[in-house]
Amino acid sequence: MTEAVTEPESDTVVEEPEQAPPAGPSLHQPQRWLIAAGEVVAIVVLVIVAVWAWNRGVVRLEYPIEGREPLISTRYHGNWLGTAAGALTLAVVLVLDVARQVLLAVRTRPQKAADSDM
(Lines give C-alpha, C1' and ligand atoms only; values in the text may rest on other atoms or scores of the structure.)
Protein backbone atom coordinates (compact mmCIF):
# COMPACT_ATOMS: atom_id res chain seq x y z
CA MET A 1 0.00 0.00 0.00
CA THR A 2 1.32 3.38 -0.93
CA GLU A 3 1.12 6.21 1.42
CA ALA A 4 0.09 9.65 0.21
CA VAL A 5 2.77 12.20 0.64
CA THR A 6 1.56 15.56 1.73
CA GLU A 7 3.56 18.70 1.90
CA PRO A 8 3.76 20.34 5.26
CA GLU A 9 1.88 23.57 5.53
CA SER A 10 4.13 26.51 5.07
CA ASP A 11 4.03 29.86 6.70
CA THR A 12 3.73 31.69 3.42
CA VAL A 13 0.85 34.05 3.17
CA VAL A 14 -1.16 34.07 0.00
CA GLU A 15 -1.29 37.63 -1.25
CA GLU A 16 -4.52 39.00 -2.50
CA PRO A 17 -4.38 40.08 -6.13
CA GLU A 18 -3.78 43.75 -6.57
CA GLN A 19 -6.48 45.85 -8.06
CA ALA A 20 -6.23 46.31 -11.77
CA PRO A 21 -4.37 49.44 -12.76
CA PRO A 22 -6.62 52.25 -13.85
CA ALA A 23 -7.55 51.94 -17.46
CA GLY A 24 -6.31 54.51 -19.94
CA PRO A 25 -8.50 57.32 -21.11
CA SER A 26 -11.95 56.14 -22.03
CA LEU A 27 -13.23 56.23 -25.58
CA HIS A 28 -16.02 58.63 -24.71
CA GLN A 29 -14.45 62.05 -24.32
CA PRO A 30 -16.05 65.39 -25.12
CA GLN A 31 -12.65 66.73 -26.22
CA ARG A 32 -13.05 64.69 -29.38
CA TRP A 33 -15.05 67.61 -30.79
CA LEU A 34 -11.78 69.52 -31.09
CA ILE A 35 -10.16 66.67 -32.99
CA ALA A 36 -13.16 66.43 -35.31
CA ALA A 37 -13.06 70.18 -35.95
CA GLY A 38 -9.37 70.01 -36.81
CA GLU A 39 -9.99 67.13 -39.19
CA VAL A 40 -12.81 69.05 -40.91
CA VAL A 41 -10.36 71.90 -41.55
CA ALA A 42 -7.87 69.36 -42.95
CA ILE A 43 -10.60 67.92 -45.22
CA VAL A 44 -11.39 71.35 -46.65
CA VAL A 45 -7.70 72.00 -47.31
CA LEU A 46 -7.26 68.59 -48.95
CA VAL A 47 -10.26 69.14 -51.25
CA ILE A 48 -8.89 72.53 -52.29
CA VAL A 49 -5.48 70.96 -52.98
CA ALA A 50 -7.13 68.17 -54.98
CA VAL A 51 -9.06 70.61 -57.18
CA TRP A 52 -5.96 72.74 -57.72
CA ALA A 53 -3.82 69.70 -58.59
CA TRP A 54 -6.49 68.32 -60.95
CA ASN A 55 -6.69 71.62 -62.80
CA ARG A 56 -2.91 71.61 -63.21
CA GLY A 57 -2.98 67.99 -64.40
CA VAL A 58 -5.38 68.54 -67.30
CA VAL A 59 -3.99 70.92 -69.93
CA ARG A 60 -5.98 71.80 -73.05
CA LEU A 61 -3.92 72.78 -76.07
CA GLU A 62 -5.35 74.55 -79.06
CA TYR A 63 -3.64 74.62 -82.49
CA PRO A 64 -5.10 77.18 -84.90
CA ILE A 65 -5.45 76.20 -88.56
CA GLU A 66 -6.38 78.72 -91.24
CA GLY A 67 -9.79 78.15 -92.75
CA ARG A 68 -10.76 75.42 -90.26
CA GLU A 69 -11.62 75.02 -86.64
CA PRO A 70 -8.57 74.78 -84.41
CA LEU A 71 -7.32 71.37 -83.34
CA ILE A 72 -7.89 70.87 -79.66
CA SER A 73 -5.74 68.45 -77.73
CA THR A 74 -5.85 67.49 -74.08
CA ARG A 75 -2.68 66.56 -72.22
CA TYR A 76 -2.79 64.77 -68.87
CA HIS A 77 0.02 65.06 -66.33
CA GLY A 78 0.02 61.98 -64.16
CA ASN A 79 1.92 63.48 -61.25
CA TRP A 80 -0.74 66.17 -60.72
CA LEU A 81 -3.64 63.77 -61.24
CA GLY A 82 -2.05 61.31 -58.81
CA THR A 83 -1.66 64.08 -56.24
CA ALA A 84 -5.33 64.99 -56.66
CA ALA A 85 -6.40 61.35 -56.26
CA GLY A 86 -4.21 60.93 -53.17
CA ALA A 87 -5.55 64.12 -51.58
CA LEU A 88 -9.15 63.02 -52.16
CA THR A 89 -8.43 59.56 -50.79
CA LEU A 90 -6.97 61.04 -47.62
CA ALA A 91 -9.95 63.40 -47.35
CA VAL A 92 -12.37 60.45 -47.52
CA VAL A 93 -10.45 58.62 -44.78
CA LEU A 94 -10.62 61.75 -42.64
CA VAL A 95 -14.39 62.02 -43.24
CA LEU A 96 -14.78 58.52 -41.81
CA ASP A 97 -12.64 59.43 -38.81
CA VAL A 98 -14.63 62.64 -38.24
CA ALA A 99 -17.81 60.56 -38.11
CA ARG A 100 -16.18 58.26 -35.55
CA GLN A 101 -14.90 61.16 -33.44
CA VAL A 102 -18.29 62.88 -33.44
CA LEU A 103 -20.10 59.70 -32.42
CA LEU A 104 -17.67 59.13 -29.56
CA ALA A 105 -18.00 62.74 -28.44
CA VAL A 106 -21.80 62.68 -28.55
CA ARG A 107 -22.11 59.40 -26.72
CA THR A 108 -20.40 60.66 -23.57
CA ARG A 109 -22.04 59.87 -20.29
CA PRO A 110 -21.45 61.12 -16.77
CA GLN A 111 -19.34 58.80 -14.61
CA LYS A 112 -22.32 57.87 -12.39
CA ALA A 113 -24.35 56.67 -15.36
CA ALA A 114 -21.39 54.71 -16.71
CA ASP A 115 -20.79 53.01 -13.34
CA SER A 116 -24.44 52.08 -12.87
CA ASP A 117 -24.42 50.11 -16.11
CA MET A 118 -21.95 47.64 -14.70
Quiz prompt | Per-q log10 I(q)/I(0), the range 44-107, q = 0.14, 0.25 Å⁻¹ (Debye; single scatterer per alpha-carbon; no solvent) | solution = -0.57, -0.94
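Just need the Rg to Rh number for the range 33-75, please, alpha carbons only, Kirkwood Rh. Could you put the intermediate results ahead of the total?
Working: Rg = 19.3 Å, Rh = 13.3 Å.
Ratio of gyration radius to Kirkwood radius: 1.45.
So for Tyr76, Tyr63, what's the accessible-area order with a 1.4 Å probe, most first? Don't skip to the end; give the middle numbers.
On the way: Tyr76 145, Tyr63 120 Å².
Ranking Tyr76, Tyr63 by accessible area, largest first, yields Tyr76, Tyr63.
The values are calculated or read from the model by the stated rules, or taken from the named source; none is laboratory data. Every value quoted in this text rests on a predicted model; they were computed, and no experiment measured them. The accessibility values were calculated without ligands, DNA or RNA, using every heavy atom of the protein model including side chains. Shrake-Rupley method; radii C 1.70, N 1.55, O 1.52, S 1.80 Å.
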